[in-house]
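S.K.: Okay, here's the structure, questions in a sec.
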Amino acid sequence: MATAQAKAGRREWIGLAVLVMVTLIISMDMTVLSYALPFITADLEPTSSQLLWITDVYAFVLAGLLIPMGTLGDRIGRRRLLMIGAAVFGAASVATALSTSPGMLIGTRAVMGAAGATLMPSTMSLIRNMFHDENERRAAIGLWAAGFSAGGVIGLVAGGALLQYFSWGTVFEINVPIMVLLLILAPLLLPEFRDPAAGRFDLLSTVLAFVAVLPTIWGIKQFAEHGADWPPVAGVVGGLVFLAVFVWRQRRLADPVIDVRLFRAPAFSAAVVMNVLANFALVGFMFFISQYLQLVLGLRPFTAGLWSLPAAAAAGVGAAVLAPVLAQRFRRAYVAAGGLLVGAAGCLVLAQVGDEVGLTQVVVGQALMTGGVAMVLTLSAELIVSTAPPERAGAAAGLSETGSQLGAALGVAILGSIGTFVYRQQLSGAAPDGVSADSWATARETLGGAVQESRTLTSAAGDTLVALARAAFAAELRAAAVVAAGILLVTAVLAAVQLRNVGASVPGQDTSGGPGGPVTPAAARPPADGSAAPDTDAATVDAASVPVDPEPVGTVVEGAGPTGAAPGPEVRIGPPTAAPAGTRPAHPVA
């Protein structure tokens, strides 16, 4: 009979609130910079190349280090890594706010990205430690995902509000109080965990992961901004080559950064793919909405951010309420496919916008899209972390977040390229009267360029140019919405097929051993040779779950919990093997 899982107490839920705040801040930092760029440009006078790196270096470094940092947390301690990252993130935020040159700003933003890479997988993997009951863990991950989804929108609103009254540095200084609070509360509320049987940290794998992810995402973003050229092609090809070398090395290490055999589990591989494709549609399309609200409908940045708040609320409901509740009653395939269909319906609503009227469609469509996709992101994150062995939860969390970054970059690049093609096709005719050839060429590149050029023309010619460009951009947005809807529909089919054998509980929990059901923990299984099983107490914990250092009274340690419950479920790939107590197979999945 399966061992009952310990319920979380007030300490764990308060600790979760701290982790959600950290996630919210990290997500905000991905968008809060957008409104500050004009002020930074006026103050520091960066070149176009420097401005590009100011915008992108945070996300580049963050994406490149997520997997290695998740693995490092499994080895040195997830809480310890979280606190180190919080201290560095807070200090780098202050240095960023006080930057006096473009080079200094780029450098401090890179340090913030590296620190952010320690925070993201640590927060998700600590949830794996703190919540052993499946339903509670699903709800906790839902709240975590809601914080991440809402953070991007809140960053836009907060950035717009702060810049109306303060200097651009304040958009980074708001990070500091949260990081200080984390440093105070983490030792009191969060359990420590590290794998006592972990092997050495493979530095070469860390370098390979970084040089595989960073140039790939950089190349994809360059495609979106500048079109096809040899530097982005070289970046993507080089990244894929290093990725192949990384995978080859992981298959031969006794203690890999990521055990690639995890992908043999359908629930794990399907969750990773869902995560990538859902972020592809969501983030890729958000690129159009902010421009539409400001440049087509003429809303000010802060007002545009306020109209995006319903989408943030919908994301919170989808991630923290609907996904956990529905996943308790229905199979994951149905819940995931349902969320993706809701997201696709939102895209089809967005495909109805016009060049003069469209605010209602944007608000409703964006809310449906973000709410539906947030459900899927919660389920995929939970499946990735819960399916991986407990001692590898940090690495799995890093993989999940890397997939999010890769999907976002692909979405911006591919949907952006499709949109650019449609926009230029709409403006393929001759220049209207009063518009010079140079102004017309600039207007055909971007809507922002058309608005800028209109200010150099006569009133009548400028109005005509802006009207044509706005109509072209509305057509661009409609085309991108239809493509995003198609991506979500394909992902819904994938989820329905790949997760069809995953029940309402995480794979690996039912003693029946049926597909999608849970399996008996390894310690409770009879040996493969048929001999009698060793006499094991029900409260015995896995060796990977034993704390390294004595914890303060009341601290929840992985696998022990306040009542000594067994660790959460894990999927074992391959035949069960009997191992002596206190030992772990060379690979975390046997």
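Here is a yes/no grid of residues against (1) out of contact with any Gly (no Cβ under 7 Å at 6 or more places or on another chain); (2) farther than 18 Å from Met21 by Cα; (3) modelled with pLDDT of 90 or more; (4) of a type in the set (A, V, I, L, M, F, W, C):
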residue: Gly73; (1), (2), (3), (4): no, yes, no, no
residue: Met83; (1), (2), (3), (4): yes, no, yes, yes
residue: Gly90; (1), (2), (3), (4): yes, no, yes, no
residue: Ser93; (1), (2), (3), (4): yes, no, yes, no
residue: Ser99; (1), (2), (3), (4): yes, yes, yes, no
residue: Gly107; (1), (2), (3), (4): yes, yes, yes, no
residue: Met124; (1), (2), (3), (4): yes, no, no, yes
residue: Asp133; (1), (2), (3), (4): yes, yes, no, no
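S.K.: Right, next: For the stretch 190-218: of the residues being more than 21 Å from Ala110 (Cα to Cα) and open to solvent by less than 30 Å² (accessible area, probe 1.4 Å), which is modelled with the highest pLDDT?
M.R.: Only one residue tops the list, namely Leu190.
S.K.: Step by step: first the residues of the stretch 229-288, then only those that are within 28 Å of Ala485 (Cα to Cα) and free of Cβ contacts under 8 Å to residues at least 40 places away in the same chain, then the one that is surrounded by the most Cβ atoms within 10 Å (Cβ to Cβ). Which residue is that?
M.R.: Quick first cut of the stretch 229-288, residues within 28 Å of Ala485 (Cα to Cα) only: 232-233, 236, 240, 263, 265-288.
If we keep only those that are free of Cβ contacts under 8 Å to residues at least 40 places away in the same chain too, we end up with 232-233, 236, 240, 263.
On the way: Pro232: 22, Val233: 13, Val236: 19, Leu240: 14, Phe263: 16.
So, considering only residues that are within 28 Å of Ala485 (Cα to Cα) and free of Cβ contacts under 8 Å to residues at least 40 places away in the same chain, the one surrounded by the most Cβ atoms within 10 Å (Cβ to Cβ) is Pro232.
S.K.: Modelled with pLDDT of 80 or more, open to solvent by 10 Å² or more (accessible area, probe 1.4 Å), farther than 17 Å from Ala97 by Cβ and under 20 Å from the mean Cα position of the chain (by Cα): does that describe Leu143?
M.R.: It is true that Leu143 is modelled with pLDDT of 80 or more, open to solvent by 10 Å² or more (accessible area, probe 1.4 Å), farther than 17 Å from Ala97 by Cβ and under 20 Å from the mean Cα position of the chain (by Cα).
S.K.: If you don't mind, there's one more thing I want to ask. Anything in the stretch 126-141 that is in contact with a helix residue (DSSP H, G or I) (Cβ under 8 Å, 6 or more places away or on another chain) and within 24 Å of Arg75 (Cα to Cα)? List them, or say none.
M.R.: Leu126, Ile127, Arg128, Asn129, Met130, Phe131, Arg137, Ala140, Ile141
S.K.: Specify which of the listed residues (Ala63, Ala17) is farther than 24 Å from Arg138 by Cβ, at pLDDT 75 or above and not β-branched (Val, Ile, Thr).
M.R.: Details: Ala17 fails: farther than 24 Å from Arg138 by Cβ.
When all the criteria are applied, what remains is Ala63.
S.K.: If you don't mind, another one. Would you say Ser428 is over 19 Å from the mean Cα position of the chain (by Cα), in a helix (DSSP H, G or I) and without any contact (Cβ under 8 Å) to a residue 40 or more places away in the chain?
M.R.: no
S.K.: If you scan the stretch 326-365, which residues turn out to be among the acidic types (Asp, Glu) and surrounded by 18 or more Cβ atoms within 10 Å (Cβ to Cβ)?
M.R.: Within the stretch 326-365, Asp355 is the sole residue that qualifies.
S.K.: Right, Ala472: closer than 30 Å to Gln366 by Cα and either outside any loop (DSSP other than H, G, I, E, B) or among the basic types (Lys, Arg) (or both) or not?
M.R.: yes
S.K.: Quick check on this structure: which one of Met120, Met83 is among the hydrophobic types (A, V, I, L, M, F, W, C) and open to solvent by less than 10 Å² (accessible area, probe 1.4 Å)?
M.R.: Met120
S.K.: Moving on to the next point. Is it the case that the stretch 299-315 has a residue that's outside any helix (DSSP H, G or I) and over 29 Å from Gly159 (Cα atoms)?
M.R.: Looking for residues that are outside any helix (DSSP H, G or I) and over 29 Å from Gly159 (Cα atoms), one finds none in the stretch 299-315, hence no.
Residue by residue, here is whether (1) open to solvent by 60 Å² or more (accessible area, probe 1.4 Å); (2) in contact (Cβ under 8 Å) with a residue 12 or more places away in the chain; (3) in contact with a Pro (Cβ under 9 Å, 6 or more places away or on another chain); (4) among the charged types (D, E, K, R) holds:
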| position | (1), (2), (3), (4) |
| --- | --- |
| Ser380 | no, yes, no, no |
| Ile384 | no, yes, no, no |
| Ala437 | yes, no, no, no |
| Arg444 | yes, yes, no, yes |
| Thr456 | yes, yes, no, no |
| Leu468 | yes, yes, yes, no |
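The values are calculated or read from the model by the stated rules, or taken from the named source; none is laboratory data. A quick note: this is a predicted structure, and the numbers were derived from the prediction, not measured. Every residue, glycine among them, receives a Cβ derived from its backbone with ideal geometry; neighbour counts consider all protein chains shown. Please note that ligands, DNA and RNA were not included when accessible areas were found on the heavy atoms of the full protein model with its side chains. Shrake-Rupley method; radii C 1.70, N 1.55, O 1.52, S 1.80 Å.
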